[in-house]
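Contents: one structure, followed by commentary.
The values are calculated or read from the model by the stated rules, or taken from the named source; none is laboratory data. Just so we're clear, the structure is a prediction, and the values are computed from it rather than from any experiment. Glycine also receives a Cβ, built like all others from the backbone with ideal geometry; neighbour counts cover every protein chain displayed. These accessible areas exclude ligands, DNA and RNA; they are computed on the full protein's heavy atoms, side chains included. Shrake-Rupley method; radii C 1.70, N 1.55, O 1.52, S 1.80 Å.
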Amino acid sequence: MFRPNPESTFFRRIPYRLIASVLVILALVVCVILFFSLEREKLLLQGFAQGTTVPTELFPALWQSRSDLIVVTLLVFLLSAIGIAAVITFLHYDSTRSTLEEVKGLARNILQSIPTGVLTVNSSGVITAANPTAEAVLKRSAADLLGNSYESVFAEGETIRAVLEGALRHQQHVSQKDLTYESQDRTLHTIRVSTAKLTGDDAEPAGVILQAQDVTDWLALEQRVRVADKLAALHTLSAGVAHELRNPLSAMDLNLHLLEEELKERASLPEQGARYLYILNAECRRLSVILDNLMKFARPVSVGLHEVTISALIEHIIALMQFEAEERKIRLERQVEEPLPSVLGDETAISQVLVNVVVNAFHAMPNGGLCRIAAEVRHANGTHWLVVSVKDTGIGIKKEELARVFEPFYTTKSSGTGLGLAIAYRIMEDHGGTIQVSSTTGNGTTVVMTFPVTVEEAQPLAVTS
C-alpha cells in the first residue's frame, strides 16, 4: 500500500563484497590446512625413501589424516555457508525493518497532514487513532480520545455517537452527511461526516473509519453568497417597482384627502363612508411605508462612517424598548462585556438593525419570555470582531423557513412586509460585518451580528490579552 522506496530484487540485495571476502578467507584457511597436511606426508615419504623402517601403523594414520583434512575442509565450507546465510538474513531483516519504519512514518505523516479529521474505532468500540484535524473538529484532545471507548467519549444523544453506533453495530454507513455538533464549550458547529468499514490484514472487518470536517464557516459563506445573489437580482427590480408605484400612490392619497375634505364641507359624509375613507387612508399610509422600506432596500446607501459606542447604543435601545417589553411580559436583559471597543459605522443604521431584531424577538414570544442582548469581543483569523447577539425564548423558526429569513418579501407574520431582515442584511454588509440566525423550533432564536473592530481599538486590546 505504501512504498517509499522502489522494490529491489533478491540478487540486488546480496552483499557481493562480503561474500567475496568470506570466500577469500575460506580459501586461505583451506590452503593452510593443505600445506600442513602435505608437510606431514612429505616427512613420511622422505623417511621411506631413505630406507628407514617405517612403522606399519603410520599408513592408517596417513589415511586418517587425509580423511580429517576432508572433514575439516567440509566443516569450514559448511560454517562459512552458514555464516554467509546468517549475514544475508540479518541484512535482509534490517532492510525490511527499516522499510517498515519508513512505511509507518509515511502513513503517520499522511494521517497527520490531511485536512480532514480521521478517527478509527476497533471492533470493541475503542478509539485507536485520531489525527490532529480530528482533534480540532471534535474539540477534544488525543488524550481524551485514544484508548477510550467512543461511548465514554461521546455522551448519549450526541450525533457523532449515533453515527459510530450505526456504522459499528448495524453496518449503516453514511456519506457526506451534515450533523449539528455541540462542542464542550456549548458552541454549535456543523460537521460533515462519512464512515467506512475498516478491514484488517486478514481481510476481515476490524472496525470503522470516521471522516469529519467542520463546514460551519463554509456553509455560512455559501448562505451569504446565495443571499447576496438573490439581493443583487432584486435590487434593480425593487427600485423600478418602487418608483413606478410611488407616483400613483401619491395621487391616490392626495385625492382621498381632497374627497374627504369636500364631503365634510358639504356635510354629506355618512358615518359608514367616513369609516371607508379612514381604512383607505390607513392602507395608503401602509403602502407608503412599504415603498419607503423598498427604496431603502434597493437604493445604494452611503454609510457615514464614524466611531460608534455599541454599549451605549444597546443601553439606548433597551431603554427605548423597555415599556413595550413590560406590556408583553418580556424580561429584557443586558449582558455586555466591558470595556467594549468602538466600531466604525453609521449609528442610525446600526440602531435600525438592532431594533428590528429585538422587535422580531418580541413577536416570537406572544406569551412573554426572556430577551437577552449580549456583546463581546472575539478574535478570529487575525481580526478582532465585536459580536452582538440577541437571544429569545420564543417559538423558534422552522428549519425550512430559516434558510429564507433574509429573502426580501418573505415573512411568516400576517402584518409583516418581509423587508426588515433583508434591509438589516444589507446594512451589515455595508458595514463589513455579518448577520446570522440560528433557531430550533420551540427553543427560541439567536441572531448574531459581527462588526469589525477599528485598528486603533484592536491594538491595545491585543496587548492586554
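Cβ-Cβ contacts under 7 Å between residues 6 or more apart (or on different chains), taken from a first residue in the stretch 316-328 that is at positive phi and open to solvent by 20 Å² or more (accessible area, probe 1.4 Å) to a second residue that is assigned to a helix (DSSP H, G or I) and not hydrophobic (A, V, I, L, M, F, W, C), are absent. For Ile423, the conditions (1) at pLDDT 85 or above; (2) touching a Lys or Arg at 6+ places or on another chain (Cβ under 6 Å) are fulfilled apart from (1).
In the stretch 427-445, the count of residues that are surrounded by 15 or more Cβ atoms within 10 Å (Cβ to Cβ), in a loop (DSSP other than H, G, I, E, B), among the hydroxyl-bearing types (Ser, Thr, Tyr) and modelled with pLDDT of 90 or more is zero. Remark: Arg140 matches the filter, which requires a residue to be among the basic types (Lys, Arg), on the phi < 0 side of the Ramachandran plot and at pLDDT 80 or above. Considering the stretch 183-229 alone, what residues qualify as being at pLDDT below 75, within 25 Å of Pro132 (Cβ to Cβ) and either within 14 Å of the chain's Cα centre (by Cα) or buried (at least 17 other Cβ atoms within 10 Å of the Cβ) (or both)? Ser183, Thr187, Leu188, listed by residue number. Of the listed requirements (1) of a type outside the set (Ser, Thr, Tyr); (2) modelled with pLDDT of 90 or more; (3) not in a loop (DSSP other than H, G, I, E, B), Met365 misses just one: (3).
Scanning the stretch 100-120 for residues that are over 14 Å from Gln213 (Cβ atoms) and under 20 Å from the mean Cα position of the chain (by Cα) turns up Asn109, Ile110, Leu111, Gln112, Ser113, Thr120.
For the stretch 377-412, the set of residues classified as at pLDDT 90 or above and among the charged types (D, E, K, R) consists of Lys391, Asp392, listed by residue number.
Test Gln176 against the criterion of being open to solvent by 80 Å² or more (accessible area, probe 1.4 Å), in contact (Cβ under 8 Å) with a residue 24 or more places away in the chain and touching a Lys or Arg at 6+ places or on another chain (Cβ under 7 Å), and give yes or no.
Numbers: open to solvent by 80 Å² or more (accessible area, probe 1.4 Å): yes; in contact (Cβ under 8 Å) with a residue 24 or more places away in the chain: no; touching a Lys or Arg at 6+ places or on another chain (Cβ under 7 Å): yes.
Against the criterion (open to solvent by 80 Å² or more (accessible area, probe 1.4 Å), in contact (Cβ under 8 Å) with a residue 24 or more places away in the chain and touching a Lys or Arg at 6+ places or on another chain (Cβ under 7 Å)), Gln176 does not qualify.
Residues in the stretch 379-399 that are surrounded by 13 or more Cβ atoms within 10 Å (Cβ to Cβ) and among the aliphatic types (A, V, I, L, M): Leu386, Val387, Val388, Val390, Ile395, Ile397. For Val355, the criteria (1) under 23 Å from Phe406 (Cβ atoms); (2) in a helix (DSSP H, G or I); (3) touching a residue at least 40 places away in the same chain (Cβ under 8 Å) hold in every case but one, which is (3).
Please list, ordered by first then second residue, the pairs with beta carbon atoms under 8 Å, 6 or more apart or interchain, first in the stretch 125-143 and without any contact (Cβ under 8 Å) to a residue 40 or more places away in the chain, second buried (at least 16 other Cβ atoms within 10 Å of the Cβ) and of a type in the set (Phe, Trp, Tyr). So the pair list comes out as Val126/Tyr150; Ile127/Tyr150. Ser65: open to solvent by less than 60 Å² (accessible area, probe 1.4 Å), modelled with pLDDT of 70 or more and of a type in the set (Ser, Thr, Tyr), yes or no? So Ser65 fails the test.
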